[in-house]
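Input: a single structure, listed below in structure tokens.
The values are calculated or read from the model by the stated rules, or taken from the named source; none is laboratory data. All values reported here derive from a predicted model rather than from experimental measurement. Here the Cβ positions follow ideal geometry from the backbone for every residue, glycine too, while neighbour counts run over all protein chains shown. Calculation scope for accessible area: heavy atoms of the full protein, side chains included, ligands and nucleic acids excluded. Shrake-Rupley method; radii C 1.70, N 1.55, O 1.52, S 1.80 Å.
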Amino acid sequence: MDILNPYNLQVFTFILLNSILAISIYITLSTGQLSLGHAGFMSIGAFTASILTKQADMPLFVAILIGGLAAGLIALLIGAPTLKLHGLYLAIATLGFGEVIRVILLNLEITNGALGLTGLQSIGNYLYDFEKAIGLKATTLGVSVMQMKALSTCLFMLLLFAVILFLTLRLNKSRLGRAFEAIKADETAARAMGLQVAYYKMLAFVIGSVLAGVCGGLFAHITTTITPDDFNYHKVVEILSFAVIGGSEVVWGPLFGALVLTALPEVLRGLAEYKMLMYGLIMVGVMAFRPHGLIGTDTFKKWFKKDKSKAKGGL
């Protein structure tokens, strides 16, 4: 397999994009909130960034950042009433929000309705223009221009993912992360200990929404074409599946889920039209045999116990 094949690089790029999406749903779930609105926030970030780059000629990465902040602002506005809900009621409310956003986008003239936006600026083109400006050309590395653009996009996504993962791991070990964990374990007990539960839940909801919005902007400028139906109910199920299948107790769970569910359709390309069916079968299997996901806190404990027992046996 040619690792510099543009198609293979694009698959890896989407694995990284979905991994960032997985982190966004993990942060929201870290306070025990089952939100199904990430596809809606993703669409807000995608269309905001696309309109800014296509019609306002704004620098690409500035537009993507503004798209993420716009999603966070909307999350802040709808969070106050919706976060008073719990469990399935919150899930239904946020799912309804996502559908409302999709219908609005379908009927707006600025989003071109159901046809969506096409001919968007590509991240690969943007990065390659910068690389040429500093004297780094495809011929210098002995690759084609298409390979150079795909590789630049992939490396940028890898760097961005590494930064977000590092910050998430630091967040988990901070006072804020411990507050999230306490609220998820027992909201009533956390409130009794003096934690401002509403504040922390809102903060997790907004952070997750900003990340989803940034992912939407990245998605738009990787594919260069978006429609409102790119963020429909199927996208909601896909994002939630990362955490359900991989597990939501530790950040590695959703990341594993994103890796498996993004790579699986490529491995089984002949069955691509049955992707949602495969998702359903995998989810049923996981719910039956690993209700908390394939990777949880007990997974690492078992691995460490095995390593210790092997070390003792060697002695």
Output ordering of 29-36, 94-101 (per-residue mean of other Cβ within 10 Å, highest first) is 29-36, 94-101
Whole-Hz Karplus couplings 3J(HN,Hα) for the range 177-190, θ = phi - 60° and coefficients 6.51, -1.76, 1.60, Gly and Pro as x, run x, 5, 5, 4, 5, 5, 5, 5, 5, 7, 5, 5, 5, 5
Under a 1.4 Å probe, counting only protein heavy atoms, Ser43 has an accessible area in Å², nearest 10, of 0 Å²
Over all viewing directions the Cα convex hull of the range 88-160 casts an average projected area in nm² of 7.9 nm²
Taking the alpha-carbon centre of each part, the distance from the range 215-246 to the range 252-277 in Å is 13 Å
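Give me the percent of accessible area attributable to carbon and sulfur for the chain, probe 1.4 angstrom.
Values: 10870 of 15990 Å².
Taking all protein chains in place, the chain shows 68 percent carbon and sulfur surface.
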For the range 126-199 (alpha-carbon point model, no solvent) the Debye-based log₁₀ I(q)/I(0) at q = 0.16 Å⁻¹ works out to -0.67
Whole-Hz Karplus couplings 3J(HN,Hα) for the range 50-61, θ = phi - 60° and coefficients 6.51, -1.76, 1.60, Gly and Pro as x, run 5, 5, 5, 7, 7, 9, 9, 6, 7, x, 4, 5
Computed on Cα atoms only, the convex hull of the range 160-229 has an orientation-averaged projected area in nm² of 6.1 nm²
The distance between the Cα centres of the range 121-175 and the range 20-57, in whole Å, is 20 Å
Placing each pseudo-label 7 Å from Cα in the direction of the beta carbon, Tyr274 and Arg175 end up separated by a distance in nanometres of 5.4 nm
Full extension between His292 and Asn232 adds, at 0.36 nm per residue less the Cα distance, a length in nm of 19.0 nm
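Can you pull a Stokes-Einstein diffusion coefficient for the chain at 10 °C (1.306 mPa s), Rh from Kirkwood over Cα pairs, as a whole number of µm²/s?
77 µm²/s
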In debye to the nearest 20, the charge dipole size for the range 229-293, taken about the Cα centre with +1 at each Lys and Arg Cβ and -1 at each Asp and Glu Cβ, equals 180 debye
Quick note, the range 1-50: a/c under 1.5 would make it rounded; otherwise a/b > b/c is prolate and the rest oblate (a ≥ b ≥ c, C-alpha gyration tensor); here it is oblate
Note to self: with every protein chain in place and a 1.4 Å probe, the chain gives an accessible area per residue in Å² of 51 Å²
Computed, not fitted: 222 nm per-residue ellipticity of the chain from DSSP H runs ≥ 4 (each -39500 (n - 2.57)), nearest 500, equal to -25000 deg cm²/dmol
Rg/Rh of the range 35-123 (Cα atoms, Kirkwood Rh), to two decimals, equals 1.03
Once the in-chain neighbours fewer than 8 apart are removed, the aspartates and glutamates whose Cα is under 18 Å from Lys149 read Asp2, Asp129, Glu131
Taking Cα pairs closer than 8 Å and at least 6 residues apart, the relative contact order of the chain in percent is 32 percent
